[in-house]
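The values are calculated or read from the model by the stated rules, or taken from the named source; none is laboratory data. Being a predicted model, the structure only gives us computed values, none of them experimental. In this analysis, Cβ positions are derived from the backbone assuming ideal geometry, glycine residues included, and neighbour counts consider all displayed protein chains.
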Amino acid sequence: MTTSATRSRENTRARLLDAAAQVFAEVGLDGASVEVVCERAGFTRGAFYSNFESKDELFLTLAASVGEERVAAVRARVEEMAADGALSEGCDPIELVQDIMDSGEDDRLGVMLMSEIRIRALRDEAFGAAYLAQEREMVASIARIITDIVAAGHLRLREPAEAAARMLMIVWEGMTVRGAMAGQDAAQLRRAGSEELGRLVSMLIE
């Protein structure tokens with residue numbers, strides 16, 4: 001496949017994913033058809049099926065992309081803070097976490113999308129297993145970031161990094177869902193989530 005063809009395929013997938021995120025968040029997986037997703041993206045069914053085998057595969061790809069984008073933003077912020085010396089010994093871990101999480105791009109659409117994904121995972125055992133496998137990878141990525149922060153700041157965790165990562169992720173998800181229910185905007189969602197994570201971190205750090 002030529003470079004031009006590869007880029008065209010990547011662009012098609014990206015547009016389908018963007019369209020699917022909007023449609024699925026609006027009407028849910030069961031209410032969204034392949035035709036509607038294709039119409040929103042400006043493609044035919046053929047373009048869809050040349051990139052994804054089914055809506056379930058598209059949904060899982062969306063779940064992975066949302067999580068990967070979030071982790072990438074956090075990693076970039078951590079690296080930036082490390083370069084500035086903000087992770088040195090004596091740093092305030094609570095303020096540190098709040099600063100890091102404020103760098104994200106969480107919004108109501110993303111919260112709705114991930115909620116739809118979890119509902120689908122609850123209803124379908126095979127889909128749920130695939131979703132949990134993705135989640136384990138996400139927890140491992142977050143654990144690596146936590147390990148780097150702890151090492152740079154000469155901090156000590158009360159729990160293993162992976163357990164801490166899982167707790168942080170669960171609290172963040174819970175707060176953003178409740179914030180979205182309350183009508184909070186993107187900035188408010190991030191603030192509410194980071195404040196709760198700060199409280200949790202205070203219990204995880206010795």
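Let me spell it out: the conditions are (1) assigned by TED's automatic domain parsing to the domain that holds R123; (2) buried (at least 17 other Cβ atoms within 10 Å of the Cβ); (3) not in a helix (DSSP H, G or I), and A63 meets all of them except one. Which number is the exception?
Against the list (1) assigned by TED's automatic domain parsing to the domain that holds R123; (2) buried (at least 17 other Cβ atoms within 10 Å of the Cβ); (3) not in a helix (DSSP H, G or I), A63 comes up short only on (3).
Residue-wise test of (1) within 15 Å of E135 (Cβ to Cβ); (2) among the acidic types (D, E); (3) out of contact with any His (no Cβ under 6 Å at 6 or more places or on another chain).
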site: E159; (1), (2), (3): no, yes, yes
site: M167; (1), (2), (3): yes, no, yes
site: A180; (1), (2), (3): no, no, yes
site: L189; (1), (2), (3): no, no, yes
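Just wondering, is there one or more residues in the stretch 129-139 that are touching a Cys at 6+ places or on another chain (Cβ under 7 Å) and among the aromatic types (F, W, Y)?
Looking for residues that are touching a Cys at 6+ places or on another chain (Cβ under 7 Å) and among the aromatic types (F, W, Y), one finds none in the stretch 129-139, hence no.
Kindly establish whether R70 is out of contact with any Cys (no Cβ under 7 Å at 6 or more places or on another chain), basic (K, R), modelled with pLDDT under 85 and not assigned by TED's automatic domain parsing to the domain that holds L29.
Details: out of contact with any Cys (no Cβ under 7 Å at 6 or more places or on another chain): yes; basic (K, R): yes; modelled with pLDDT under 85: yes; not assigned by TED's automatic domain parsing to the domain that holds L29: yes.
The answer is yes for R70.
Can you tell me which residue among A133, A180 is within 16 Å of G67 (Cβ to Cβ) and assigned by TED's automatic domain parsing to the domain that holds E69?
A133 is the lone residue from the list that is within 16 Å of G67 (Cβ to Cβ) and assigned by TED's automatic domain parsing to the domain that holds E69.
Return the only residue of V36, V23 being surrounded by 13 or more Cβ atoms within 10 Å (Cβ to Cβ), over 19 Å from V111 (Cα atoms) and not assigned by TED's automatic domain parsing to the domain that holds G110.
On the way: V23 fails: over 19 Å from V111 (Cα atoms).
Going through V36, V23 in turn, the sole match is V36.
Cβ-Cβ below 8 Å, separation at least six or inter-chain, first residue in the stretch 155-167 and touching a residue at least 12 places away in the same chain (Cβ under 8 Å), second part of a loop (DSSP other than H, G, I, E, B): which pairs?
From the stretch 155-167, the pairs are L155/E206; R156/E206; L157/E206; R158/E206; M167/E159.
With surrounded by 13 or more Cβ atoms within 10 Å (Cβ to Cβ) and within 16 Å of the chain's Cα centre (by Cα) as the only criterion, which of D102, D56, D124 stands out? Don't jump to the end; show me each part of the working.
Working: D56 fails: within 16 Å of the chain's Cα centre (by Cα); D124 fails: within 16 Å of the chain's Cα centre (by Cα).
Checking each option against the conditions leaves just D102.
Among (1) surrounded by fewer than 16 Cβ atoms within 10 Å (Cβ to Cβ); (2) in contact with a strand residue (DSSP E or B) (Cβ under 9 Å, 6 or more places away or on another chain); (3) at pLDDT 90 or above; (4) not basic (K, R), where does A164 come up short?
So the condition that A164 fails would be (1).
If the requirement is being at pLDDT 90 or above and crowded, with 17+ Cβ neighbours inside 10 Å, which of these qualifies: V139, V150, V111?
On the way: V150 fails: at pLDDT 90 or above; V111 fails: at pLDDT 90 or above.
None of the other options fit; the residue is V139.
What residue, of V23, V37, is out of contact with any Ser or Thr (no Cβ under 9 Å at 6 or more places or on another chain), among the aliphatic types (A, V, I, L, M) and in a helix (DSSP H, G or I)?
Only one candidate passes the filter, namely V37.
What number of residues within the stretch 112-138 satisfy the criterion of being of a type in the set (K, R) and within 20 Å of A180 (Cβ to Cβ)?
Of the residues in the stretch 112-138, 2 are of a type in the set (K, R) and within 20 Å of A180 (Cβ to Cβ).
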